[in-house]
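Following: one structure in structure tokens, then a few remarks.
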Amino acid sequence: MDKDSQERDCAICLQKYHHPTRLPCGHIFCFLCVKGIAIQSKKCAMCRMEIPHDYFEHPDLIEKLAHDEITSEGDTEKYQWYYEGRNGWWKYDERSNMDLENTYSSGETECLLLLAGTIYCVDFHNMIQIRRSDPTKRRKVKRDIPTLPSKGIAGIKNVETSHTEVNTDSDENTVPNDNEETIQVNSPNLVAVNASTNTLTSSLSVDDLIDSLRQIDLHPDDSLSTDHEETLNSADT
Amino acid sequence: MAALPRRIIKETQRLMQEPVPGISAVPSENNARYFHVIVTGPEDSPFEGGLFKLELFLPEDYPMSAPKVRFITKIYHPNIDRLGRICLDILKDKWSPALQIRTVLLSIQALLSAPNPDDPLANDVAELWKVNESEAIRNAKEWTRRYAMDN
């Protein structure tokens, strides 16, 4: 491992910069890595300078996402994985896409992803992404051709041909707070399932959890539904 | 079962390929997030000549949160308590995801060279370190000989 290649790596994920983003202090990290620190310490990982709370409204992306990049993976042999946002679908970043595709192709039933410092489980059966630490946070996912219209990649908005600004509106996916993963859970059944298993998650493996999610009775008892109220409320704030 | 983040794989590989002098960190066979660590006592410190065992665990959201590190070998030090817990800012509020296993262990080794009795975790040790440093150092050497040397 030569020194040069180490210096070109992001100090957080220790891999080549992936959608490099510059903080006001001048330090550069991957976009998703910055999202991770913005959720946790809110400080630059190198110099501890505060990250402005509105940083993600105008992130300083070093390579702007060209419209090309989003549609030009034109290879029809390839598949792209998408997750659902409030009003459209986002592409997963290239690394996660590769993980998803490889895991899916190998016949596994689920894939764990580390996104912005948080672990998610993508369930290929139900085609949903579930946050490990809070299974009420869910999104639909899909596997499709790479050329479908999308909002962008992993929270980085597509650049319309006429502007250079990225993330000009405050879309839920670009804001690094808890809201971003708050998905509208449409089915009351799903809500009930989450409520009754929440308390079990810490001691269960994902496999067990998925199993119990599938088997669980859909009538939450009172104490657990209170717990669930709180979860929803905190997600809504 | 859980895929290991690439960062952890990379750190582990580097620890093996370019080990830090005086520090060894080897992942457990059945849990790649759990490391068996040995730190040598720094020269010119009361811990010189000792081999100190520690355990290090990378939590699920590592590197967004700090590794959990604990001394297993008994040590007489004002910032390490009898359960081996370590009072070190980078393991708490001063953690940064740009720190790594190797930098954490180097900081712990540096803490052995520079005990800080004004920010104590082991109160009795810190007290003695302040009022009678030479006796405290004698105790530290004695504990090192008794618990951190094989013979």
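The values are calculated or read from the model by the stated rules, or taken from the named source; none is laboratory data. Computed from a prediction, not measured in an experiment: that's the story for all the values here. Here Cβ is always computed from backbone atoms with ideal geometry, including for glycine, and neighbour counts include all displayed protein chains.
Can you name the residue in the stretch A:103-149 that is in contact with a His (Cβ under 9 Å, 6 or more places away or on another chain) and of a type in the set (Ser, Thr, Tyr) and is also nearest to the other protein chains (Cβ to nearest Cβ) among such residues? Step by step, filter the stretch A:103-149, then rank; the result is A:THR109. Taken over the stretch A:112-132, the residue count meeting the criterion of being of a type in the set (Ser, Thr, Tyr) and modelled with pLDDT of 85 or more is 1.
Remark: pairs (first residue in the stretch B:15-40, within 14 Å of another protein chain (Cβ to nearest Cβ); second residue surrounded by 18 or more Cβ atoms within 10 Å (Cβ to Cβ); Cβ separation under 6 Å; 6+ apart in sequence or on different chains) = B:LEU15/B:ALA25; B:ARG33/B:LEU58. Close contacts from the stretch B:93-111, counting a first residue that is more than 14 Å from chain A (Cβ to nearest Cβ) and a second that is assigned to a helix (DSSP H, G or I) and surrounded by 20 or more Cβ atoms within 10 Å (Cβ to Cβ), with Cβ to Cβ under 6 Å and a gap of 6+ residues or different chains, come to none at all.
Could you tell me which of the residues B:GLU29, B:GLU18, B:GLU48 is within 26 Å of B:THR144 (Cβ to Cβ) and surrounded by fewer than 19 Cβ atoms within 10 Å (Cβ to Cβ)? After ruling out the rest, the residue left standing is B:GLU48.
Among the residues of the stretch A:110-155, count how many are assigned to a loop (DSSP other than H, G, I, E, B) and on the phi > 0 side of the Ramachandran plot.
As a first pass, look at the stretch A:110-155 and keep what is assigned to a loop (DSSP other than H, G, I, E, B): A:116-117, A:124-127, A:132-133, A:145-151, A:154-155.
Add one more test, that the residue is on the phi > 0 side of the Ramachandran plot, and what stays is A:116-117, A:127, A:154-155.
Result for the stretch A:110-155: 5.
B:ASP124 - would you say it is at pLDDT below 95 and either within 14 Å of another protein chain (Cβ to nearest Cβ) or in a loop (DSSP other than H, G, I, E, B) (or both)? Against the criterion (at pLDDT below 95 and either within 14 Å of another protein chain (Cβ to nearest Cβ) or in a loop (DSSP other than H, G, I, E, B) (or both)), B:ASP124 does not qualify. Among the numbered conditions (1) of a type in the set (S, T, N, Q); (2) closer than 30 Å to A:ASP134 by Cβ; (3) in contact with a Leu (Cβ under 7 Å, 6 or more places away or on another chain), the only one that B:ASN79 does not meet is (2).
Condition check: buried (at least 20 other Cβ atoms within 10 Å of the Cβ) and among the hydrophobic types (A, V, I, L, M, F, W, C). Does B:LEU99 satisfy that? Lay out the reasoning, then the answer.
Numbers: buried (at least 20 other Cβ atoms within 10 Å of the Cβ): no; among the hydrophobic types (A, V, I, L, M, F, W, C): yes.
It is false that B:LEU99 is buried (at least 20 other Cβ atoms within 10 Å of the Cβ) and among the hydrophobic types (A, V, I, L, M, F, W, C).
Within the stretch B:1-15, the set of residues being surrounded by 19 or more Cβ atoms within 10 Å (Cβ to Cβ) and part of a loop (DSSP other than H, G, I, E, B) comprises just one member, B:PRO5.
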